[in-house]
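The values are calculated or read from the model by the stated rules, or taken from the named source; none is laboratory data. Just so we're clear, the structure is a prediction, and the values are computed from it rather than from any experiment. FYI the Cβ positions are ideal-geometry reconstructions off the backbone, even for glycines, and counts take in every protein chain you see. The accessibility values were calculated without ligands, DNA or RNA, using every heavy atom of the protein model including side chains. Shrake-Rupley method; radii C 1.70, N 1.55, O 1.52, S 1.80 Å.
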Amino acid sequence: MKRILVLSTGGTIEMLKTGRGLNLDHHANIDTGSIQTIQDTEITVRKYLSLPSPHITPEIMADISNELRDLEISKEFDGVVVTHGTDTLEETAFMADIHLEGSLPVVFTAAMRSSSELGVDGPRNIRSAVRVACTETENLGVTIVLNDEIHAAGRVTKTCTSNVSSFDSPGYGPLGFVDDDRVIYHRLPIWRLNLPPGPLVLEKRVGLVRTAAGFGHDVIDFLTETGYRGIVVEAFGRGNVHPETADAIQRALDTGVLVVITSRCHEGRVLGVYSYPGGGMDLLDRGALSAGDMAGNKIRLLLMATIGAGLEKEQIRRMLSSL
Ligand code: ASP
């Protein structure tokens, strides 16, 4: 008998349509009808919080991650399914992934459609997530299950505002699938980023700046001047920026701000290939760190947690060097 906990946190999966659109005022409880039929499983449903996921801050993500860590230590359950809004699901799942040891299967799921809509996907997604939580192999890390696909927390992103097949891992694809008869894995992640053990402490002042043609330096200067301790820059292509942005990065570095370069591209690594002013090689030579092929929103959370844990720049560089 597998003991599975379903921890609900809000999102469209719990919303009902009122006269003024979707919200949590008229609340739909997690629909467990689809999971009662899974054999040899004891399901416990616990409401942890009830928020639309754009309202979930990094601090709340840390609370959820700490709660999951407590469950991992207690061994009270054989697996946990977290229901969450889709908008920031990838961020909460990633924070849990870098915080957890990995011995407890933790599966995030959600719905793109509320139960007021035709073709509702929530009940099926919950059932698939419970099945994954029951069968997940150890050390897979936190996974996300929607639309019958299993994705790794470190790679998954919401790609479409509306489609039920919104979640994808660009450049990598799903780890596997949930079919009618069983759960099938096609690939396993061979590594994942891990924080040092201990409770999550976040440095709030870590920003994310997405560059656009002729834009970026003002925001970087603003963050530096207002005391930010870390800035993640979503640069162009291989990790390149305009010379004015490079100068702003230099000013940030001179003030002791940690600057990490990611790319606006959906796939591929940052690499010091271009030596022109603002090129990736130039930025790394100046002392910025490369985040490889990781997404900016996830690296920002990693930076919040590593700076919060008191890690030095060299330790963070070593952690990112595997990317
Ligand atoms: N806006 C909703 C949320 O993230 C979307 C969803 O749950 O699918 O809470």
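Brief remarks follow.
- The range 86-153 versus the range 164-209: alpha-carbon centroid distance in Å: 9 Å
- Nonlocal amide H pairs with SER116, under 5 Å, H built at 1.01 Å: LYS17
- Percent of beta bridges antiparallel (DSSP, the chain, rounded to nearest 5): 35 percent
- At an R0 of 25 angstrom, the distance between the Cβ atoms of ASP179 and THR32 translates into a FRET efficiency of 0.70.
- Loop-located chymotrypsin sites (Phe, Trp or Tyr not before Pro) in the range 187-276 (DSSP state not H, G, I, E or B) with no more than 11 neighbouring Cβ atoms inside 10 Å: TRP191.
- Around the amide H of VAL260, modelled in the peptide plane, lie the amide H atoms of ILE231, VAL232, VAL233, LEU289, all under 5 Å away and 5 or more residues distant in sequence or on another chain.
- Theoretical gain in end-to-end length, THR226 to ARG187 [0.36 nm per residue, Cα-Cα removed]: 9.7 nm
- For the chain: span of alpha carbons on each principal axis (Å, largest first): 61, 44, 32
- Virtual spin-label span in nm between VAL273 and ARG46, 7 Å along Cα→Cβ: 4.8 nm
- Share of carbon and sulfur in the accessible heavy-atom surface of the chain [1.4 Å probe, %]: 49 percent
- The range 138-292: C-alpha pair distances exceeding 19 Å, %: 62 percent
- Kirkwood hydrodynamic radius computed over the range 213-296 comes to 12.2 Å, based on all pairs of distinct alpha carbons.
- For the range 86-219, convex hull of alpha carbons as volume per residue, Å³: 155 Å³
- In the full protein context, the range 49-123 carries 32 Å² of accessible surface per residue, based on a 1.4 Å probe and ignoring ligands, DNA and RNA.
- For the range 18-69, diffusion coefficient by Stokes-Einstein and Kirkwood Rh (Cα), 4 °C, 1.567 mPa s, µm²/s: 93 µm²/s
- In order along the range 58-72, the Karplus-derived 3J(HN,Hα) couplings, from 6.51 cos²θ - 1.76 cosθ + 1.60 at θ = phi - 60°, round to x, 5, 5, 4, 5, 4, 4, 5, 5, 4, 5, 5, 4, 5, 5 Hz, and Gly and Pro are given as x.
- The residues of the range 150-233 present an accessible area of 53 Å² per residue when probed at 1.4 Å with all protein chains retained.
- Label-to-label distance for LYS313 and ARG205 is 1.6 nm, based on points extended 7 Å past Cα in the beta-carbon direction.
- Centroid-to-centroid separation of the range 1-29 and the range 232-307 [C-alpha atoms, Å]: 38 Å
- Extended-chain gain in nm, criterion 0.36 nm per residue less alpha-carbon gap, LEU284 and LYS17: 91.2 nm
- Computed 3J(HN,Hα) for the range 249-265, one whole-Hz value per residue from the Karplus formula 6.51 cos²θ - 1.76 cosθ + 1.60 where θ = phi - 60°, is 4, 4, 4, 5, 4, 4, 8, x, 7, 7, 10, 10, 9, 10, 10, 6, 5, glycine and proline marked x.
- Ranked by the mean number of other Cβ atoms within 10 Å of their residues, highest first, the peptides 59-67, 3-11 fall in the order 3-11, 59-67.
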